[in-house]
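**Student:** Below you'll find the structure I mean.
Values in this text are rule-based calculations from the coordinates and carry no lab data. This one's a predicted model, so the numbers in the text were calculated from it and none came from an experiment. Cβ placement follows ideal geometry from the backbone for every residue including glycine, while neighbour counts extend to all protein chains displayed.
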Amino acid sequence: MQQLQSTKAASLWSYFLNICAIPHPSKHEQQLVVWILNWAKEKNISCIQDKTGNLILRKPASTGYEHKTPVILQAHLDMVPQKNSQTTHDFLTDPITTVIDGEWLHADNTTLGADNGIGMASCLAVLADNTIVHGPLEVLLTTDEETGMTGAFGLQADSLQGKILINTDSEQEGELYVGCAGGINVNINLAYEKMESEPADSAYEISLSGLKGGHSGCDINLERANAIKVLAGVLHNLDAIPFHLACFEGGSLRNAIPREARAVIVCDRQYQNSLDIIINNLHLDLANKFNNIEENIQLSVKSCDLPSSILTNQSQSSLLNSLNNCDNGVFTMDENFSNVVQTSSNLGVITQNKGEQTSFDIQVLVRSQIEEEKHSSAEKITLHFQNHNAVVRQDGNYPGWKPNPNSAIYKIMEEQYSRLFAKKPETMVIHAGLECGLFSDKYPHWDMVSFGPTIKFPHSPDEKVHIPSVDKYWQLLVATLAAID
Ligand SMILES: [Zn+2]
């Protein structure tokens with residue numbers, strides 16, 4: 001670890017290694033909280049924990065900076081606990097082991113927690129170092145960001161006095177984030193009527209797999225295939241065969257583009273050959289349609305056990321029509337930022353309840369940087385499924401962070417970045433949720449920006465942070481604090 005101690009960000013690194021030594025997976029941040037509370041006491045830094053579990057630390061302005069705009073540095077306390085199957089690591093008790101590999105730091109078969117541990121370490125390093133100049137300073141460390149943004153949701157509207165918030169939870173050096181999307185869940189329950197299948201009929205399972213999937217916000221503009229939509233389209237194209245649908249399932253997470261879906265259909269055995277041929281042709285059509293996007297798309301059909309019940313004709317057409325005609329993917333693009341999606345939806349999951357109350361549960365996530373568009377899109381999807389007699393409920397609403405073209409903190413950081421590194425940073429808006437969206441709801445006057453070092457594969461055991469980018473991150477942070485007016 002000597003290599004880290006010889007960088008400009010040496011103190012940041014020593015705090016980061018401290019953080020790694022204390023378990024702090026989401027919802028189990030208390031050990032780390034106690035450590036920080038004790039640390040602050042020793043350093044004579046004011047530190048309180050709010051009702052939700054967030055920590056707020058305060059340090060007076062440097063001499064001569066008392067009249068500057070008060071600033072808040074922000075990170076989240078928790079990390080995502082993911083490990084490879086061969087390791088016995090226990091996230092509740094074991095420290096994270098760090099490994100240097102060239103210019104990268106990673107963990108030993110687990111997540112590293114550089115997301116957002118580097119940001120958190122930088123906050124502590126700023127508080128501890130009296131040679132760094134800044135105006136009145138608050139540090140906000142939120143709890144449980146990764147599994148529901150609990151800390152940001154629970155933050156009181158009057159706990160902080162700062163007027164600028166610098167979020168440290170972005171993952172690409174050289175990029176400054178000025179906006180993010182909000183989201184809302186649309187939960188659809190579509191009841192269906194069933195009838196008994198004909199014992200003489202045969203059943204076939206049609207599977208779609210091999211798709212790339214990806215993040216339902218960040219990857220939604222890549223035109224990847226949505227397994228549920230594509231399979232519904234395949235069934236729609238089977239109209240030459242009189243079939244009955246027995247099963248339809250696909251996707252696993254609302255916020256991931258579905259990679260797999262499967263259906264079971266029942267029909268007379270005489271159609272088996274035609275079915276094979278049609279599925280084969282549709283497979284070729286799909287491979288053509290998604291050429292260069294989905295190289296491994298697989299559509300297959302095989303015989304399976306005859307299910308005891310099937311959907312009635314009316315329920316079957318209601319399900320397939322509602323899936324086929326449901327808007328999905330990119331709705332609008334941001335006018336001010338190139339290649340940034342403004343509003344989108346992801347039909348992420350469909351599951352089937354075969355018990356007494358037969359129905360399909362369908363999960364959709366709508367995202368937008370613009371509140372009104374988010375709500376109108378969610379409403380449109382709601383009405384669409386209600387027209388098919390579904391019961392639809394919206395929940396999980398959280399606000400986006402609308403980009404502010406006149407942001408003073410953005411201009412300061414852009415200037416400092418250009419001065420330090422002789423090039424301009426990229427201005428970014430992320431089509432996914434950041435805590436800033438929730439902050440903008442409670443503190444609408446805050447001028448916010450988000451930045452961070454380069455972190456690859458966060459939330460997976462491959463997570464790694466680029467050591468030289470941490471140096472640049474630290475230099476930009478220190479320069480920005482000194483330059484705020
Ligand atoms: Zn994070």
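**Student:** From the phi angles alone, apply the Karplus equation (6.51, -1.76, 1.60; θ = phi - 60°) to segment 231-241 and give each ³J(HN,Hα) in whole Hz, x where the residue is Gly or Pro.
**Tutor:** 5, 4, x, 4, 5, 4, 7, 8, 5, 6, 10
**Student:** Turning to a different aspect of this structure: Using +1 at the C-beta of Lys and Arg and -1 at the C-beta of Asp and Glu, which of V366, Q316, T343 has the Cα lying farthest in the positive direction of the dipole of segment 292-383?
**Tutor:** With unit charges placed on the Cβ atoms, the residue in question is Q316.
**Student:** Sticking with this structure for a sec: Order these by the 10 Å Cβ neighbour count, fewest first: L275, L112.
**Tutor:** By the 10 Å Cβ count, ascending, the order reads L275, L112.
**Student:** Sticking with this one: Restricting things to alpha carbons, tell me how big segment 265-323 is in terms of Rg and Dmax, in Å.
**Tutor:** Over segment 265-323's Cα set, Rg and Dmax evaluate to 14.5, 41 Å.
**Student:** How long are the semi-axes of the equivalent ellipsoid of segment 200-268, taking √(5λ) for every eigenvalue λ of the Cα gyration tensor, in whole Å from largest down?
**Tutor:** Values for segment 200-268, descending: 28, 11, 8 Å.
**Student:** Report the relative contact order of segment 1-156, percent, no decimals, based on alpha-carbon pairs under 8 angstrom and at least 6 residues apart.
**Tutor:** Over segment 1-156, the number comes to 36 percent.
**Student:** Still on this model: Considering the Cα trace of the chain, what is its radius of gyration and what is Dmax, both in angstroms?
**Tutor:** Here Rg and the maximum Cα pair distance are 25.9, 89 Å.
**Student:** Would you mind ranking S85, S14 so that the residue whose beta carbon has the fewest other beta carbons within 10 Å leads the list?
**Tutor:** Going from least to most buried by this count: S85, S14.
**Student:** Here's something else I'd like to know. For segment 183-398, what's the radius of gyration and Dmax over Cα atoms, in angstrom?
**Tutor:** Answer for segment 183-398, Rg first and Dmax second: 17.6, 61 Å.
**Student:** Right, here's the next one. So for K163, K354, fewest C-beta neighbours within 10 Å to most, what's the order?
**Tutor:** K354, K163
**Student:** Oh, and also: Along the charge dipole of segment 352-485, pointing to its positive end and built from +1/-1 on Cβ of Lys, Arg, Asp and Glu, which listed residue (G400, P425, H375) has its Cα farthest out?
**Tutor:** Checking the options against the dipole of segment 352-485, the answer is P425.
**Student:** Give the relative contact order (percent, whole number) for segment 183-398; include only Cα pairs under 8 Å separated by 6+ residues.
**Tutor:** Relative contact order, segment 183-398: 36 percent.
**Student:** If you average 1/r across every pair of different Cα atoms in segment 92-180 and take the reciprocal, what Kirkwood value do you get, in Å?
**Tutor:** Evaluated on segment 92-180, it is 15.8 Å.
**Student:** Which trypsin sites (Lys or Arg not before Pro) from segment 399-464 combine a DSSP loop assignment with at most 15 other Cβ atoms within 10 Å?
**Tutor:** Listed in order of number, the matching sites are K423.
**Student:** Taking 8 Å as the Cα distance limit and 6 or more residues as the minimum spacing, I'd like the relative contact order of the chain as a percentage.
**Tutor:** Reported relative contact order: 24 percent.
**Student:** Hey, any idea what the orientation-averaged projected area of the convex hull of segment 342-401's Cα atoms comes to, in nm²?
**Tutor:** Values: hull surface 17.6 nm².
That works out to 4.4 nm².
**Student:** I've got another one for you. Tell me, what HN-Hα J-couplings in whole Hz come from the Karplus equation 6.51 cos²θ - 1.76 cosθ + 1.60 at θ = phi - 60° for each residue of segment 434-439, using x for Gly and Pro?
**Tutor:** Values, residue by residue: 10, 4, 3, x, 5, 5 Hz.
**Student:** Where the only charges are on Cβ atoms (+1 Lys, Arg; -1 Asp, Glu), what is the dipole of the chain about its Cα centre, to the nearest 20 debye?
**Tutor:** Using Cβ point charges on Lys, Arg, Asp and Glu, the chain gives about 800 debye.
**Student:** Charges only on Cβ, +1 for Lys and Arg, -1 for Asp and Glu: so what's the dipole of segment 183-398 about the Cα centre, in debye to the nearest 20? Before the final figure, lay out the partial values.
**Tutor:** On the way: 15 positive and 26 negative charges, 45 e Å.
I would put it at about 220 debye.
**Student:** For the chain, what is the mean residue ellipticity at 222 nm derived from helices alone (per DSSP H run of n ≥ 4: -39500 (n - 2.57); sum divided by total residues; nearest 500 deg cm²/dmol)? The partial results should precede the final answer.
**Tutor:** Details: 12 runs with 145 residues, N = 485.
Per the formula, -9500 deg cm²/dmol.
**Student:** What ³J(HN,Hα) values, in whole Hz, does the Karplus curve 6.51 cos²θ - 1.76 cosθ + 1.60 give for segment 351-366 when θ = phi - 60°, with x put for Gly and Pro?
**Tutor:** 10, 10, 9, 9, x, 5, 8, 6, 6, 10, 9, 10, 10, 10, 10, 9
**Student:** Could you name the lysines whose alpha carbon sits less than 21 Å from that of K354, not counting residues in the same chain fewer than 8 places away?
**Tutor:** Output for K354: K194.
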